[in-house]
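For reference, the structure is listed below as structure tokens.
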Amino acid sequence: MARRYASKLTWDDVTPREAYLNRRQIMAGGAALAGATLMTRGVQAAQDAWDLTPNTLEQITSYNNFYEFGTGKEDPARHAHMMTTAPWSIQIDGMVDSPGTYSLEDIIAGQTIEERIYRLRCVERWSLVVPWNGFELSDLLERVGVQDRARYVAFETLARPEEMLGLRVPVIDWPYREGLRLDEAMHPLTILATGLYGQPMPNQNGAPIRLVVPWKYGYKSIKSIVRITLTDEQPVTAWNAYAPNEYGFYSNVNPNRAHPRWSQEFERRIGGGLFARNIETLMFNGYEDEVAHLYDGMDLIEFH
Ligand code: MTE
């Protein structure tokens, strides 16, 4: 299992000393150049330097999207404590050899929990870098045995109105649903995360277990999962059903495909200060080398 990916970063990989030194030299060199060039280089160097520096725990847990608790960014931090996360189980059904309702303990048993430092790019144009703890979704799917006919994986979030105030408002057609093509689900970058910063997953981030697909817009990374279904048909997903032209099934991060109401060329890194506003959004959120082959020959504007 010695699979190595450039994007599977740990703390040691994030800011190698040499990279910092080089960037400082670039910035110092820039001082001798004309103003505009200096600015461009300086900004770019500064952006590169903290591109994969994780956000603080405070930032990651206080600015969230979890509409089951309200649509404000601070609502999840305020209300998600009402969600009961133990006991927890996931119903795994559809085209699998061993369907059933598995307890969280069962699901995690035998998994090696790894740290994965990933960029998270929300379709709304803000971004974070998060040190997740989790395991590859493929490990779980292999354990339950995916049948040959299966082509897609569908996911569902808990929908418990007594504990989730946001469910009283029909923003989307609850429960929150998401889906992946099977090869996307089996990709080694796709994880089920059970924590961050070495702690159990905070409720507002999708306790006790959520999906993380780092090359797609954040809404694909569905929180607080209670059901996983293997199917041969592209599943209905919450945001796609709500506005298909705005939110495609694929939702790969793509700076060349504008959202109908805004450009996707830039993003704002939460807590990033001076240089945080106009960071260039990268194709596949910077994971192009790892995932572009999944979409060979596909029109990524049409299949957005
Ligand atoms: N999952 C559920 N169940 N409900 C949600 O509202 N929001 C999505 C995604 N998963 C959402 C969800 C969106 S839009 C984003 S950007 C990410 O969660 C945000 O994850 P974070 O709050 O952990 O940063």
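The values are calculated or read from the model by the stated rules, or taken from the named source; none is laboratory data. Since the structure is predicted, the reported quantities are computational estimates derived from the model, not experimental observations. Every residue, glycine as well, gets a Cβ built from its backbone with ideal geometry; the counts of neighbours run over all protein chains shown. Surface areas here come from the heavy atoms of the whole protein model, side chains and all, with no ligands, DNA or RNA. Shrake-Rupley method; radii C 1.70, N 1.55, O 1.52, S 1.80 Å.
Summary table
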{"read-out": "Among the candidates Tyr217, Tyr197, Tyr247, residue that is over 24 Å from His293 (Cα atoms), of a type in the set (Ser, Thr, Tyr) and within 13 Å of the ligand (Cβ to nearest atom)", "value": "Tyr197"}
{"read-out": "Sole residue being over 17 Å from Leu196 (Cα atoms) and either among the β-branched types (Val, Ile, Thr) or open to solvent by less than 20 Å² (accessible area, probe 1.4 Å) (or both), chosen from Thr84, Thr56", "value": "Thr84"}
{"read-out": "Candidate set: the range 264-304, residues that are charged (D, E, K, R) and in a loop (DSSP other than H, G, I, E, B); chosen: the one least open to solvent (accessible area, probe 1.4 Å)", "value": "Asp299"}
{"read-out": "Of the criteria (1) more than 9 Å from the ligand (Cβ to nearest atom); (2) open to solvent by 10 Å² or more (accessible area, probe 1.4 Å), which one Gln204 fails", "value": "(1)"}
{"read-out": "Of all residues in the range 239-270 being within 16 Å of the chain's Cα centre (by Cα) and of a type in the set (A, V, I, L, M, F, W, C), the one that is modelled with the lowest pLDDT", "value": "Ile270"}
{"read-out": "Test: Met95 is within 15 Å of the ligand (Cβ to nearest atom) and either of a type in the set (Val, Ile, Thr) or modelled with pLDDT of 95 or more (or both)", "value": "no"}
{"read-out": "Filtered residues of the range 149-169 (kept if open to solvent by less than 40 Å² (accessible area, probe 1.4 Å) and either of a type in the set (S, T, N, Q) or in a loop (DSSP other than H, G, I, E, B) (or both))", "value": "Ala150, Thr157, Leu158, Glu163, Met164"}
{"read-out": "Residue, surrounded by the most Cβ atoms within 10 Å (Cβ to Cβ), within the range 124-143, restricted to residues that are assigned to a helix (DSSP H, G or I) and not basic (Lys, Arg)", "value": "Leu137"}
{"read-out": "Hey, Arg261 away from the ligand (no atom under 11 Å from the Cβ), open to solvent by 30 Å² or more (accessible area, probe 1.4 Å), closer than 18 Å to Leu52 by Cβ and charged (D, E, K, R) or not", "value": "no"}
{"read-out": "Elements of type helices (runs of 4 or more DSSP H) in the range 48-123, at least 2 residues being of a type in the set (D, E, K, R)", "value": "75-79, 104-108"}
{"read-out": "Test set (1) among the aromatic types (Phe, Trp, Tyr); (2) within 16 Å of the ligand (Cβ to nearest atom); (3) touching a strand residue (DSSP E or B) at 6+ places or on another chain (Cβ under 6 Å) - Trp174 fails condition number", "value": "(3)"}
{"read-out": "Whichever residue in the range 222-244 is farther than 17 Å from Leu182 by Cα and crowded, with 18+ Cβ neighbours inside 10 Å and, among such residues, is farthest from the ligand (Cβ to nearest atom)", "value": "Asn240"}
{"read-out": "Complete set of residues in the range 135-170 that are farther than 21 Å from Thr101 by Cα and over 23 Å from the mean Cα position of the chain (by Cα)", "value": "Asp148, Arg149, Pro161, Glu162, Glu163, Leu165, Arg168, Val169, Pro170"}
